[in-house]
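The values are calculated or read from the model by the stated rules, or taken from the named source; none is laboratory data. Just so it is clear, the structure is predicted and the values come from calculations on it, not from any experiment. Cβ placement follows ideal geometry from the backbone for every residue including glycine, while neighbour counts extend to all protein chains displayed.
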Amino acid sequence: MPELPEVETVCRGLAPMLVGRRLSRIDQRRPDLRFPFPPGFVDRLTGAMVTAVDRRAKYILIRLSDGWTWLVHLGMSGRFTITPGGRASSGQAGHNSGWALAAPHDHVIAETDDGARIVYNDVRRFGFMDLIPPGDEAGNKHLSGLGPEPLSDDFTAEYFSSALAGKRTPIKAALLDQRVVAGLGNIYICEALWRSGISPRRLAASVNGKRAERLVGAVKDVLAAAIDAGGSSLRDYVQATGELGYFQHSWDAYDREGSACRRDGCDGVIRRIVQSGRSTYFCPKHQR
DNA sequence: AGTGTGTCCTGTGTGC
DNA sequence: TGCACACAGGACACAC
């Protein structure tokens with residue numbers, strides 16, 4: 001379930017495995033995910049030293065010592081599984097065209113110079129990877145045009161109000177627009193709107209003043225709480241299976257159609273509607 | 001320019 | 001049990 005908090009915990013899980021290590025082997029097991037892999041993908045990564053693992057919105061940015069960046073987007077179903085050096089693979093035996101033991105939908109397998117193994121698995125293949133040349137991050141087609149990080153000091157009520165001014169689209173759709181604010185997805189948008197008491201159908205342009213303040217605060221609170229949940233519920237962000245960054249979470253609005261609203265003093269019932277082709281869950285009683 | 005819709009892909013859950 | 005269908009956390013390429 002990769003939204004920003006999940007991507008963040010994946011980064012925190014990958015970093016200790018990768019930073020300071022060399023990528024000794026890369027097994028790219030198909031020519032494309034959502035998009036073709038960039039030319040020279042395997043050669044560029046093989047032998048490279050990892051210096052940092054960063055995140056921008058929902059993009060994982062693996063920094064290499066030669067200045068290049070390995071960009072990974074998890075799409076809908078992308079996930080990383082790690083196996084520390086010296087242990088057996090967690091993958092099931094299957095068709096093995098490459099050197100690595102691979103389970104179904106294992107598309108990229110990396111091994112570090114200390115024998116750790118990092119597997120990218122993506123059932124739906126909506127994820128993708130790219131390589132960014134040194135100094136070219138601003139020119140990357142995926143990263144250029146992204147709005148501010150929601151947890152940063154750049155994401156203020158003032159900025160938000162001005163970004164929404166004149167937008168004749170529902171606030172739900174505006175929040176999905178990564179140019180307005182980068183990293184929010186369907187779940188946390190539903191949660192933030194529920195928490196701030198704003199209807200997902202409200203015209204974006206009408207979210208300003210106190211409403212904008214409430215929504216900005218709710219976005220930050222919801223994301224921070226989810227990141228905390230990821231960190232506290234998983235030791236070092238790694239499950240027993242080796243899978244990174246995915247954690248149990250209970251939602252107040254998302255996926256609760258027909259259930260009682262959990263807001264104190266509210267006797268509403270959560271409804272599901274479709275906006276921009278996506279399910280929206282909200283309480284019609286207290287979200288206005 | 002801004003906004004809405006269809007599409008990529010596979011797996012899972014539900015209802016008949 | 002088998003089958004058809006709806007739906008799934010994202011982002012892009014279009015049409016209007």
Taking region A:185-198 and keeping only residues that are in a loop (DSSP other than H, G, I, E, B) and either touching a strand residue (DSSP E or B) at 6+ places or on another chain (Cβ under 6 Å) or modelled with pLDDT of 95 or more (or both), one is left with A:Gly197, A:Ile198
Of the residues in region A:199-213 that are in a helix (DSSP H, G or I) and within 14 Å of DNA strand B (Cβ to nearest atom), the one that is surrounded by the fewest Cβ atoms within 10 Å (Cβ to Cβ) is A:Ser206
Only one of (1) in contact with a Pro (Cβ under 8 Å, 6 or more places away or on another chain); (2) over 26 Å from A:Pro150 (Cα atoms) does not apply to A:Pro36, and that is (1)
Scanning region A:62-80 residue by residue, the ones that are out of contact with any Pro (no Cβ under 7 Å at 6 or more places or on another chain) and either under 26 Å from A:Ala103 (Cβ atoms) or at pLDDT below 95 (or both) total 10
All conditions in (1) assigned to a helix (DSSP H, G or I); (2) aliphatic (A, V, I, L, M); (3) within 15 Å of DNA strand C (Cβ to nearest atom) are true of A:Val216 except (3)
Picking from A:Val269, A:Val274, the residue that is within 16 Å of DNA strand B (Cβ to nearest atom) and hydrophobic (A, V, I, L, M, F, W, C) would be A:Val274
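Rundown of residues vs (1) surrounded by 19 or more Cβ atoms within 10 Å (Cβ to Cβ); (2) under 24 Å from A:Thr81 (Cα atoms); (3) within 16 Å of DNA strand C (Cβ to nearest atom), yes/no style:
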site: A:Asp122; (1), (2), (3): yes, yes, yes
site: A:Pro134; (1), (2), (3): no, no, no
site: A:Glu137; (1), (2), (3): no, no, yes
site: A:Gly147; (1), (2), (3): yes, no, yes
site: A:Ile171; (1), (2), (3): yes, no, yes
site: A:Asp177; (1), (2), (3): no, no, yes
site: A:Gly185; (1), (2), (3): yes, yes, yes
site: A:Cys190; (1), (2), (3): yes, no, yes
With the condition kept exactly as written, say whether any residue in region A:159-170 is at pLDDT below 95, in a loop (DSSP other than H, G, I, E, B) and either under 15 Å from the mean Cα position of the chain (by Cα) or away from DNA strand B (no atom under 16 Å from the Cβ) (or both). no
Checking A:Arg235, A:Arg201, A:Arg262, A:Arg288 in turn, the sole residue that is more than 16 Å from DNA strand C (Cβ to nearest atom) and at pLDDT below 90 turns out to be A:Arg235
Of the residues in region A:277-288 that are surrounded by fewer than 17 Cβ atoms within 10 Å (Cβ to Cβ) and within 16 Å of DNA strand B (Cβ to nearest atom), the one that is nearest to A:Ser196 (Cα to Cα) is A:Ser279
Within region A:205-215, of all residues that are of a type in the set (A, V, I, L, M) and within 24 Å of the chain's Cα centre (by Cα), the one nearest to A:Arg168 (Cα to Cα) is A:Ala212
TODO: Evaluate the following for A:Gly78: is it in the same structural domain as A:Ile109 (by TED's automatic domain parsing) and within 17 Å of A:His107 (Cα to Cα)?
DONE: yes
(request) Say whether the condition of being modelled with pLDDT of 95 or more, more than 21 Å from the chain's Cα centre (by Cα) and not in a loop (DSSP other than H, G, I, E, B) is met by at least one residue in region A:106-119. (result) yes
